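Here the structure comes first, spelled out in C-alpha cells, and everything after it is commentary.
The values are calculated or read from the model by the stated rules, or taken from the named source; none is laboratory data. Quick caveat: nothing in here was measured; it's all calculated off a predicted structure. Don't worry about glycine lacking a Cβ; one is built from the backbone with ideal geometry, like all the others, and counts go over all protein chains shown.
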Amino acid sequence: MKIKAFEAIRPPAALAREVASLPYDVGDLEDARALADANPRSFLHVERPEVDLPDAFDQTSGIDHQTAAKNLQLFLREGWLVRETAPALYIYRITLGQHAQTGIVACCHIEDYENNIIRKHEKTKKPVEDQRTLHVQVTGAHTGPIFLLFRDDAKIAGMLDAAVRGAPLLDFTAIDGIRHEVWKLDAPEAFVKAFAAVPLAYVADGHHRTAAATRAGIERRAANPAHRGDEEYNWFPAVLFPASHLKVLAYNRTLKDLNGLTPAAFLDRVKSIFTVTENAPSSPKRQGEISMYLGGSWYSLTWTPDPKADPVSALDVSVLQARLLGPVLGIDDPRTNSRIEYAGGFDSVERIRKKVDTGRAAVAFSVYPTTVDELMAIADADQIMPPKSTWFEPKLRSGLFVHALD
C-alpha cells in the first residue's frame, strides 16, 4: 500500500467537539438540520449542506455543493478549521463503552483503488457517486476520511500502541457518548515504510466516497496538461484500522407488507422453507440463524447450510433474500424495492420491533452480523455483498481530517 502524510485541515482542540459531525449518509436530514441549526460550527454545514437549503432545492443547480464550498471557506476564515503547516500522520482512537478501535490517519493513493489493492465489497449507485464527486470538485477537498481495514500486522500493532502513550492532540466526547482521541505524528516515515509491506486494504465504510475521490482525481489529471503524479488530487484521506479492532453490527430488515398473504398463511410458507422455533430471542446467537418478528412474537429460522455455496450466497442475508424475501415477499431487488427498509446500530432490534408493533411494518428480521473475515473473503473473490450487509459502529467523524486537493 502507498500512504503518505498530509497537511490536514482540522479544528483547534477547543473546538473539536463542536466542529466534528457524522458523515453525510448517517442519520435523517431532519435530525441533521436540527443539529446544524443549533450549532453554526457543526461541520454538517460543509459535509451535508442540505441543512442550509430548503427541502425543494434544485439539486441539478449545484447550489448544495456551492453552499458547502462557501461554508468551508467560512470555517477557515473564522478559525473553526486551520490548516497544518507541515505534513503529518495521525492516530485516531474511537471508544464506545468497553470497545475501542485505533487506526492510522493517512492519505491513500487513487491508483491503489484502481488496481484493487484497496478492495470493495459493495456496488455504488451512480447518482450518489456523481453527487459526491461534485462535492469534492466544487469544495476542492475531501471532507471526511474513508473507513478502511487491513489484516492484522504485529509490527504496525506495536507502532500504534507506542504512538498513543503521550497526551492526545484532540480529546472529546461527542453528544452520543463516543470518545474521540487524536495523536499527531510529525515523523511519519516508519508508518509509511510499514504500510508498504501491507498487501491489501478493504473499504469497510465509504464506498461512494472512495469511488468519488478516485473519479475526482482522474478528472483533475485529465484537466491538467502539466500533470506530474505527485499532486494532492491523486490522494484521499482514510483511517486504516486493523481488522481485529472492528465491531460489525447487524443490518436488520423490515417489510411494509406480506405481499398479499395473511400472517397465518405467511407463517405457513416460512415453515415450509425453514425450521421454525417459537418464543425465540430477538437476536440470533450464531450464523445460520435468523430471528423473525411477526404478530408480536419472535421466531427462530434455521436451515441446513449448502456446502457448495460461494462466499456471497452462504451469507445469512443472502439465504434470507434467496429463500424468502424474493420468492415469497416479492422483493425482486433489495437495493431498489421500496417495500423493504433497513436498520443498523446497537438499538436496531428495538427499532424494527416497534415498527411492526405500530403497524409501520408487517414483519421484521434480525440477522447475525456479517463478520470481517466474510467481508474480506468476498472482496478477495471480487464479489459483491448484498446491500446493507454490514454496519460498522462507532462511526468516524467528519471535519477532523479534511484534505485539500491542492
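A few comments on the model shown:
- Subset tally (residues that are over 15 Å from Phe147 (Cβ atoms), at pLDDT 95 or above and aliphatic (A, V, I, L, M)) for region 101-136: 4
- With respect to (1) closer than 27 Å to Asn71 by Cα; (2) part of a loop (DSSP other than H, G, I, E, B); (3) more than 21 Å from the chain's Cα centre (by Cα); (4) among the hydrophobic types (A, V, I, L, M, F, W, C), the lone exception for Trp183 is condition (2).
- Residues (at pLDDT 95 or above and of a type in the set (Phe, Trp, Tyr)) located in region 224-270: Tyr233, Trp235, Phe236, Phe241, Phe266
- From Ser291, Ser282, residue being buried (at least 21 other Cβ atoms within 10 Å of the Cβ), of a type outside the set (A, V, I, L, M) and closer than 23 Å to Arg360 by Cβ: Ser291
- Residue pairs meeting the criteria (Cβ under 8 Å; at least 6 apart or on separate chains; first of a type in the set (Ser, Thr, Tyr), in region 212-232; second crowded, with 19+ Cβ neighbours inside 10 Å): Thr214/Ile110; Thr214/Tyr113; Thr214/Phe236
- Considering residues of region 186-221 that are assigned to a loop (DSSP other than H, G, I, E, B) and surrounded by 18 or more Cβ atoms within 10 Å (Cβ to Cβ) only, the residue farthest from the chain's Cα centre (by Cα): Pro188
- Residues that are touching a Pro at 6+ places or on another chain (Cβ under 6 Å) and among the polar types (S, T, N, Q) within region 30-67 comprise just one, Thr67.
- Residue within region 244-264 that is of a type in the set (Phe, Trp, Tyr) and either touching a Leu at 6+ places or on another chain (Cβ under 9 Å) or at positive phi (or both) present: no
- So Leu405, is it of a type in the set (A, V, I, L, M) and either within 12 Å of Asn252 (Cα to Cα) or surrounded by fewer than 23 Cβ atoms within 10 Å (Cβ to Cβ) (or both): yes
- Scanning region 264-289 for residues that are among the aliphatic types (A, V, I, L, M) and closer than 20 Å to Asp347 by Cα gives a single hit, Ala280.
Residue by residue, here is whether (1) within 18 Å of the chain's Cα centre (by Cα); (2) outside any helix (DSSP H, G or I); (3) crowded, with 21+ Cβ neighbours inside 10 Å; (4) in the same structural domain as Thr124 (by TED's automatic domain parsing) holds:
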site	(1), (2), (3), (4)
Leu15	no, no, no, yes
Glu18	no, no, no, yes
Val26	yes, yes, no, yes
Asp31	no, no, no, yes
Leu35	no, no, no, yes
Pro54	no, yes, no, yes
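- When the test is whether a residue is modelled with pLDDT of 95 or more and under 30 Å from Asn234 (Cα atoms), Ala5 passes it.
- In the set (1) within 30 Å of Ala223 (Cβ to Cβ); (2) of a type in the set (Ser, Thr, Tyr); (3) surrounded by fewer than 17 Cβ atoms within 10 Å (Cβ to Cβ), the condition left unmet by Ser398 is number (3).
- Evaluation of Ser42 against the conditions (1) part of a helix (DSSP H, G or I); (2) buried (at least 21 other Cβ atoms within 10 Å of the Cβ) shows that the sole unmet condition is (1).
- Criterion (aliphatic (A, V, I, L, M), touching a Pro at 6+ places or on another chain (Cβ under 6 Å), in a helix (DSSP H, G or I) and in the same structural domain as Leu255 (by TED's automatic domain parsing)) met by exactly one of Val317, Val356: Val317
- Screening region 322-337 for residues that are touching a residue at least 40 places away in the same chain (Cβ under 8 Å) and under 23 Å from Pro127 (Cβ atoms) and picking the one that is surrounded by the most Cβ atoms within 10 Å (Cβ to Cβ) gives Ile331.
- Candidates are the residues of region 58-68 that are surrounded by fewer than 19 Cβ atoms within 10 Å (Cβ to Cβ) and within 26 Å of the chain's Cα centre (by Cα); the one that is nearest to Ala238 (Cα to Cα) is Gln66.
- Within region 355-366, none of the residues are within 20 Å of Leu148 (Cβ to Cβ) and among the polar types (S, T, N, Q).
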